[in-house]
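The values are calculated or read from the model by the stated rules, or taken from the named source; none is laboratory data. Owing to the predicted nature of the structure, the values given are computational and were not obtained by experimental measurement. Heads up, the Cβs are rebuilt from the backbone with ideal geometry, glycines too, and the neighbour counts pull from every protein chain shown.
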Amino acid sequence: MPARNHAARATTVPEDDLDPRKAAILTAVVNEYIASAQPVGSQHVVGAPGVNVSSATVRAEMVALEGEGYLAQPHTSAGRIPTDKGYRFFVDHLTRPGMLDAARRRQVRDFFDHAHGEIEDMLERTSGLLADLTDCTAMVVGPAHGPAPVRSVQLVALGPRVALAVVVLADGTIEKQPIELSNDVADATLAAASQALQGALRDHSLDALPTAVGPTGDPEVDAVAGAGLEAVRALSTADAGDQLYVGGSSRMAAAFDAVDTVRSVLSILEQQLVVVSLLRDVLDRGLSVAIGTEHGFEPLASCAIVVVPVSVEGGASGTVGLLGPTRMNYPQALAAVQVVGEQLGARLGEAARS
């Protein structure tokens, strides 16, 4: 994992750092650059909300904002673009939370109204939903399986000497693990072993399973139940890490002109541990938005991260986030992760109670 700079939490820009006119001009530049991806000249700023001055005054104020580090001029004859500091001011001074438009709100509602089946499948499809809503790369970290207690265990025959242990956890997650048996096993024996496992494992989390299943009085059932217990125990080590679901990674190719940047970002998205650690670190530092170098991860210095925790009945149960260029539409991104995070938390809560 590349070296990281664990910098302190990004400091919010004090209200009096910019006077109202400069703040309005900076906001106009950010909004225009987000929309156009082209350096912004003074003519695009005149007439924006709060900017009631001449083009010459706007140019002078943009020069001053460049000197203070809020804007940069990529070419001598071009307009200005926001710096990370400029984006930070913009995000910290949003006058109200962004809102999804009616079509996107309906898209979210319809998705979760029909989100049934295994939790893993829903989390994967949620990452696709979030990517579609924002045109950014979406990241969804599922709830950790360790603390979730076992709700049910069933052994299903796949062949004369092969069975499948199907474990349903209280958070709605369904885990499966194959079992190789030494002898042919009748359906009645599998059913009895399932019942024994159910009684022994119910309400135990995968990381705190009992060491044995109590004797049933039938040695064949006991042997199958013991094999089933070992299969379930293997789940606790096979799935110990957080599960990451990434949607819309191809959108990064359209977000950056530099091929090397795209290649670097896509390579990092393939490293689950790195991405999960990065999202957790951003949240641990009290941020919902980390811009450019703020997240301290040099390979993603051209990117911004928007992240919120998923809460289920008051407890943290995963994360949803977005990765995009620093030019991302922050109001829309913040609104999307908030709405999707809330809906996902509610859906996970329903699954846990059912």
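The residues listed here are ASP132, ASP171; of these, the one that is surrounded by 15 or more Cβ atoms within 10 Å (Cβ to Cβ), in contact with a Pro (Cβ under 8 Å, 6 or more places away or on another chain), under 22 Å from LEU348 (Cβ atoms) and of a type in the set (Asp, Glu) is ASP171. Answer yes if at least one residue in segment 172-189 is part of a helix (DSSP H, G or I), more than 15 Å from LEU235 (Cβ to Cβ) and of a type outside the set (Asp, Glu), and no otherwise. There is at least one residue in segment 172-189 that is part of a helix (DSSP H, G or I), more than 15 Å from LEU235 (Cβ to Cβ) and of a type outside the set (Asp, Glu). Among the residues of segment 62-94, just one is of a type in the set (Ser, Thr, Tyr), in contact with a helix residue (DSSP H, G or I) (Cβ under 9 Å, 6 or more places away or on another chain) and either free of Cβ contacts under 8 Å to residues at least 12 places away in the same chain or part of a helix (DSSP H, G or I) (or both), namely TYR87. Restricting attention to segment 314-333, the residues being touching a residue at least 60 places away in the same chain (Cβ under 8 Å) and more than 21 Å from ALA301 (Cβ to Cβ) number 6. Apart from one condition, ALA165 fits all of (1) surrounded by fewer than 16 Cβ atoms within 10 Å (Cβ to Cβ); (2) touching a residue at least 60 places away in the same chain (Cβ under 8 Å); (3) not hydroxyl-bearing (Ser, Thr, Tyr); (4) not in a helix (DSSP H, G or I); the exception is (1). Listed conditions (1) farther than 27 Å from LEU244 by Cα; (2) in a helix (DSSP H, G or I); (3) not basic (Lys, Arg) are all met by GLY47, apart from (2). Could you please let me know if SER267 is among the polar types (S, T, N, Q), over 30 Å from ALA196 (Cβ atoms) and part of a helix (DSSP H, G or I)? Taking the combined requirement at face value, the residue satisfies it.
Being at positive phi and either in a helix (DSSP H, G or I) or within 33 Å of the chain's Cα centre (by Cα) (or both): is that true of ASP203 here? Taking the combined requirement at face value, the residue satisfies it. The residue that is nearest to CYS136 (Cα to Cα), among those in segment 259-287 that are without any contact (Cβ under 8 Å) to a residue 12 or more places away in the chain and among the hydrophobic types (A, V, I, L, M, F, W, C), is VAL262. Could you tell me whether segment 42-63 includes any residue that is on the phi > 0 side of the Ramachandran plot, of a type in the set (A, V, I, L, M) and modelled with pLDDT under 95? No - not one qualifying residue is present in segment 42-63. I'd like to verify a number: residues in segment 252-278 that are in contact with a strand residue (DSSP E or B) (Cβ under 7 Å, 6 or more places away or on another chain) and modelled with pLDDT of 85 or more, how many? Residues meeting the conditions: 5.
Just so you know, in segment 1-41 the residues that are among the basic types (Lys, Arg) and at pLDDT 75 or above include one that is farthest from GLU294 (Cα to Cα), and it is ARG21. Residues that are part of a strand (DSSP E or B) and either among the hydroxyl-bearing types (Ser, Thr, Tyr) or not assigned by TED's automatic domain parsing to the domain that holds ALA336 (or both) within segment 115-140 comprise just one, THR137.
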